[in-house]
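Structure, as structure tokens:
The values are calculated or read from the model by the stated rules, or taken from the named source; none is laboratory data. Being a predicted model, the structure only gives us computed values, none of them experimental. Every residue, glycine as well, gets a Cβ built from its backbone with ideal geometry; the counts of neighbours run over all protein chains shown. Note: areas computed on protein heavy atoms with side chains; ligands, DNA, RNA excluded. Shrake-Rupley method; radii C 1.70, N 1.55, O 1.52, S 1.80 Å.
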Amino acid sequence: MSANSLGRMVLDATERHGGAAIRFPRDGSWHEWSFSELGTAVRDLARGFAALGIEPGDRVALLGETRPEWTLADAALLAAGCVVVPVYHTNSPEECRYVVDHSGARAIVVEDAAQLEKIEAVRDRLAGLEHIVSMTDTGRTPTVDDLRSRAREVPAEKLEQRLERVRPDDIATIVYTSGTTGPPKGCMLTHRNVLFTMEAYVKRVHLRPPATLFMFLPLAHALARVVEMVSLDVGGTLAFWSGDSRKLVEDVAAARPTHFPSVPRVFEKIHARALARGREGSAVKQRLFAWAVVTGRKARPAAREGRLSPALRAQHALADRLVLSRIRDLFGGRLELALTGAAPIPLEVLEFLDACGITVLEGYGMTETCAAATLNTPESPRYGTVGPALEGTTVEIVEDGEILLGGPNVFKGYHRDEDATSEAFEGEAVRTGDLGELDAEGNLRITGRKKDLIITSSGKNITPTNIENALRESRWVSQAIVHGDNRSYLVALLTLDADEVPALAAELGVPADVGEMAAHPRVREVLQRDVDAANSRFARIEQIKRFAVLDTDLSQAAGELTPTMKVKRNVVETRYADAFSALYDG
């Protein structure tokens, strides 16, 4: 990367590239911003922030859903020399207050009236917050368009001077962790951190135009920000979702992306939907579906290794035409590559999608490493691992099994927390808190998390993650939490997947009510079969002996999930302590 900063990189990209930089659905049709239009908007808004009195180095928060205006504000603030502080749109008013106050943000850009209300509810405890700007018209705040109209108040050369003063090791953004183990910590990421990570991604996945990247991940998450910047730099198109989670699968198909970064849960849902289609129709159609998937499982690795026989090639072509291509149509039919991280994904999901012609690369990293440290390779993915280290980075397994990560992508430290910063580092490498192992080819396998280890009463150390992952492969299960510390056997709490409840209710002939279904014996029978199937993969000491079904799913609103949908294990363990204990009664 030749640019000294992210702001310079974005503006240079808008001058180098033609075509659509951004596409998004709104009011029933698709709209586009060309690279030229985006460049003009970024320059105008950056000068508008300067006219507002925002100085280089000032922290400015962004609070809103993933939408084009978020990307515009992000790029404009970086071009103005500011430090961007993203805030998850699902945060409560108190969580928003903590991030805005702790970061020392002078201004905040909110999406709409609903997000504005969160800030207004805590404004009296935000003494350092001077300005509120909105992406849409709230009637109570100046808008992004209002700021753009003030661009003429600041000469263009002033913006250029700001850009020239930014150094690669200056802080570009403070991204707050999702807080699985306590209050969020603000990770200070420099321009160099992000630019290096972008280049490493491009080298690993060979990204080039005319790529279309689907955007729905929260832009408050480091991975989504890196994807956003990579697409702009290489001349790709960012295709945004509609914002309606109920239409996510339909949005993906309509956007027809070539690249799709996502969290595991989305791939799990598409996997479940594809399997449900395979079970429909006559026995002949079901056998055809099963044969096509088995054929794909054989043909795909054989093709990658250059050993695809003429007979298997012919069978695969037929299977693809009759069945597999229809599954790819769920992604719009143009998908070349998908990326996933942030949480474990079942091996069965990866292998099934690969059989259907969809390569999903699993990667691993932390906010502290710009969300990326390892990533599988498109040419030779090793499913079940998170791939080798990105070029220029290091992965080390220390004596107790903990993973250490090093390289130019490692953050500068935690904002206003020197003690936590000191604890995070082992030399120049960052401690992850995760346990892992490296295979002979350097592929990293995550085996668990140090703090999540379950030690049974017999002294056996058990990592719950893999067991929970296997349980969540059930079409009907949304979340699984394994428990058993200081106990003689393991138990689990399960939640039902609300999207699949109607299908399960219809299949069993029971009311489609989650609360009723959680206690219904027919539902338990179905779940018991899935638990037994998961248990068959593990040693007896690692098997689930009893389980309970909660009458509601876990949620971020209840404080049980982070914004990236990770389970806050300590919260769940405390809140449902009686439910866990009841599984041991008698």
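Pick out the one residue from ASP320, ASP329 that is open to solvent by 60 Å² or more (accessible area, probe 1.4 Å) and within 27 Å of ARG475 (Cβ to Cβ).
ASP329
Assess whether THR564 counts as being assigned to a helix (DSSP H, G or I) and of a type in the set (Ser, Thr, Tyr).
Against the criterion (assigned to a helix (DSSP H, G or I) and of a type in the set (Ser, Thr, Tyr)), THR564 does not qualify.
Can you name the residue in region 127-184 that is among the basic types (Lys, Arg) and over 25 Å from ALA113 (Cα atoms) and is also most open to solvent (accessible area, probe 1.4 Å) among such residues?
Checking each candidate, the answer is ARG152.
Report those helices (runs of 4 or more DSSP H) wholly inside region 80-158 carrying at least 3 residues which are closer than 16 Å to ILE54 by Cβ and in contact (Cβ under 8 Å) with a residue 24 or more places away in the chain.
Answer list for region 80-158: 144-148.
Quick check on my filter: what residues within region 122-180 are under 30 Å from GLN556 (Cβ atoms) and aliphatic (A, V, I, L, M)?
Scanning region 122-180 gives VAL122, LEU126, ALA127, LEU129, ILE132, VAL133, MET135, VAL144, ILE171, ALA172, ILE174, VAL175.
Kindly indicate whether any position in region 569-586 is over 27 Å from ASP499 (Cα atoms), open to solvent by 40 Å² or more (accessible area, probe 1.4 Å) and assigned to a loop (DSSP other than H, G, I, E, B).
Yes, there is a match, as at least one residue in region 569-586 is over 27 Å from ASP499 (Cα atoms), open to solvent by 40 Å² or more (accessible area, probe 1.4 Å) and assigned to a loop (DSSP other than H, G, I, E, B).
Quick one: how many residues across region 382-396 are assigned to a strand (DSSP E or B) and acidic (Asp, Glu)?
Matching residues across region 382-396 total 1.
Please pick out the residue among ALA276, ALA272, ALA314, ALA283 that is modelled with pLDDT under 95 and open to solvent by 20 Å² or more (accessible area, probe 1.4 Å).
Answer to the check: ALA283.
Across region 351-362, what is the number of residues that are crowded, with 21+ Cβ neighbours inside 10 Å and touching a residue at least 60 places away in the same chain (Cβ under 8 Å)?
6
Might you check whether a residue that is of a type in the set (D, E, K, R), buried (at least 19 other Cβ atoms within 10 Å of the Cβ) and in a helix (DSSP H, G or I) occurs anywhere in region 551-561?
No, the conditions are met nowhere in region 551-561.
Sort out which residues of region 363-376 are open to solvent by 20 Å² or more (accessible area, probe 1.4 Å) and either in a strand (DSSP E or B) or farther than 25 Å from GLY186 by Cα (or both), and write them in order of number.
Scanning region 363-376 gives a single hit, TYR364.
For the structure I just gave you, tell me whether THR564 is among the polar types (S, T, N, Q), open to solvent by less than 40 Å² (accessible area, probe 1.4 Å), at pLDDT 95 or above and under 31 Å from the mean Cα position of the chain (by Cα).
Against the criterion (among the polar types (S, T, N, Q), open to solvent by less than 40 Å² (accessible area, probe 1.4 Å), at pLDDT 95 or above and under 31 Å from the mean Cα position of the chain (by Cα)), THR564 does not qualify.
Within the group GLU399, GLU379, which residue is in contact (Cβ under 8 Å) with a residue 60 or more places away in the chain, in a loop (DSSP other than H, G, I, E, B), of a type outside the set (Val, Ile, Thr) and exposed (fewer than 15 other Cβ atoms within 10 Å of the Cβ)?
It is GLU379.
Would you please name the residue that is nearest to GLY18 (Cα to Cα), looking only at residues in region 246-258 that are at pLDDT 85 or above and open to solvent by 20 Å² or more (accessible area, probe 1.4 Å)?
Of everything passing the filter in region 246-258, ARG256 is nearest to GLY18 (Cα to Cα).
Can you tell me which residue is surrounded by the fewest Cβ atoms within 10 Å (Cβ to Cβ) among those in region 406-437 that are assigned to a helix (DSSP H, G or I) and of a type in the set (S, T, N, Q)?
So, considering only residues that are assigned to a helix (DSSP H, G or I) and of a type in the set (S, T, N, Q), the one surrounded by the fewest Cβ atoms within 10 Å (Cβ to Cβ) is SER422.
In the set ALA13, ALA21, which member is under 30 Å from ALA254 (Cβ atoms), assigned to a helix (DSSP H, G or I), touching a Phe, Trp or Tyr at 6+ places or on another chain (Cβ under 8 Å) and touching a residue at least 60 places away in the same chain (Cβ under 8 Å)?
Unique residue meeting the criteria: ALA13.
So, of the residues in region 323-349 that are out of contact with any helix residue (DSSP H, G or I) (no Cβ under 6 Å at 6 or more places or on another chain) and more than 22 Å from ARG256 (Cβ to Cβ), which turns out to be modelled with the lowest pLDDT?
My answer is ALA342.
So which of ARG522, ARG546, ARG487 is assigned to a strand (DSSP E or B), open to solvent by 40 Å² or more (accessible area, probe 1.4 Å) and farther than 26 Å from ILE345 by Cβ?
On inspection, the qualifying residue turns out to be ARG546.
Per-residue answers, yes or no, for (1) in contact (Cβ under 8 Å) with a residue 40 or more places away in the chain; (2) farther than 30 Å from LYS566 by Cβ; (3) in contact with a Lys or Arg (Cβ under 9 Å, 6 or more places away or on another chain):
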site: SER262; (1), (2), (3): yes, no, no
site: GLU268; (1), (2), (3): yes, no, yes
site: GLY281; (1), (2), (3): no, yes, no
site: ALA290; (1), (2), (3): no, yes, no
site: ARG300; (1), (2), (3): yes, yes, no
site: GLY306; (1), (2), (3): no, yes, no
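In region 1-40, what residues are open to solvent by less than 40 Å² (accessible area, probe 1.4 Å) and aromatic (Phe, Trp, Tyr)?
Matches in region 1-40: PHE24, PHE35.
Only one of these is among the β-branched types (Val, Ile, Thr) and open to solvent by 30 Å² or more (accessible area, probe 1.4 Å): VAL230, VAL194, VAL202. Name it.
VAL202
Applying the selection to region 502-516, what residues are in contact (Cβ under 8 Å) with a residue 24 or more places away in the chain and either basic (Lys, Arg) or buried (at least 16 other Cβ atoms within 10 Å of the Cβ) (or both)?
ALA503, LEU504, VAL514
Return the pairs, sorted by first residue and then second, in which the second residue is in a helix (DSSP H, G or I) and open to solvent by 10 Å² or more (accessible area, probe 1.4 Å), the first residue lies in region 215-236 and is of a type in the set (Gly, Ala, Ser), the beta carbons are less than 6 Å apart, and the residues are 6+ apart or on different chains.
Between residues of region 215-236 that are of a type in the set (Gly, Ala, Ser) and residues that are in a helix (DSSP H, G or I) and open to solvent by 10 Å² or more (accessible area, probe 1.4 Å), the close pairs are ALA222/THR367.
Is it true that some residue in region 508-528 is at pLDDT below 90, within 28 Å of GLU362 (Cβ to Cβ) and either of a type outside the set (Ser, Thr, Tyr) or touching a Leu at 6+ places or on another chain (Cβ under 6 Å) (or both)?
There is no residue in region 508-528 that is at pLDDT below 90, within 28 Å of GLU362 (Cβ to Cβ) and either of a type outside the set (Ser, Thr, Tyr) or touching a Leu at 6+ places or on another chain (Cβ under 6 Å) (or both).
Among the numbered conditions (1) outside any strand (DSSP E or B); (2) under 32 Å from the mean Cα position of the chain (by Cα), tell me where VAL510 comes up short.
(2)
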